[in-house]
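Okay, so here's the structure we're looking at.
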Amino acid sequence: LYFTLEELQSSSWIPFAVLIVYEICFSIGIGPIPFLIMGELVSPQFAGASLGIITFVYHALGFGSMYIFHDLMRGLGEAGVYYFFAGCCLLGALACFALVPDTTGKSLNEIHNEAGTGKEKDSRDVKI
């Protein structure tokens with residue numbers, strides 16, 4: 001879809017509709033990923049503190065990307081900003097692939113033992 005600036009100003013519903021679509025896609029896409037990872041990797045006794053830290057970092061990075069957007073747009077142009085954020089997404093995907101452990105069928109203690117942050121094997125391991 002292509003709209004000129006005049007069409008957007010006369011159709012005030014379009015930006016609102018695009019914002020709603022963005023929020024829906026974000027909420028069913030990458031939005032909940034940090035919280036899902038927290039549930040898999042963080043011990044329940046630290047869930048409150050880790051949730052606060054994750055939420056703060058999550059929103060701080062979102063604010064930072066919005067804050068630098070116009071400066072990037074002036075410096076790199078529209079295509080440059082698109083490629084910059086695409087590169088950030090690619091680096092994030094590679095980091096997740098390299099750093100996030102596979103937790104399929106493992107208990108929290110097994111995950112922590114593999115990461116070198118847990119106690120020795122506990123007889124009360126519960127499978128996730």
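The values are calculated or read from the model by the stated rules, or taken from the named source; none is laboratory data. As the structure is a computational prediction, the values presented were derived from the model and not from experiment. Here the Cβ is made from the backbone with ideal geometry for all residues, glycine too, and neighbour counts use every protein chain on show. The accessibility values were calculated without ligands, DNA or RNA, using every heavy atom of the protein model including side chains. Shrake-Rupley method; radii C 1.70, N 1.55, O 1.52, S 1.80 Å.
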V18 - accessible surface, heavy atoms, 1.4 Å probe, Å² rounded to 10: 90
Please give the length that would be gained between V100 and H59 if that part of the chain were fully extended, namely 0.36 nm times their separation in residues minus their C-alpha to C-alpha distance (nm, one decimal). 12.7 nm
By accessible area (1.4 Å), largest first, F97, F63, F69 order as F97, F63, F69
Once amide H atoms are placed 1.01 Å from N in the peptide plane, what residues at a sequence separation of 5 or more from S107, or on another chain, have their amide H within under 5 Å of its amide H? I128
Two-site label geometry, V18 and Y67: point separation in nm, points 7 Å out along Cα→Cβ: 2.4
How would H112, H70 line up by accessible area, probe 1.4 Å, largest first? H70, H112
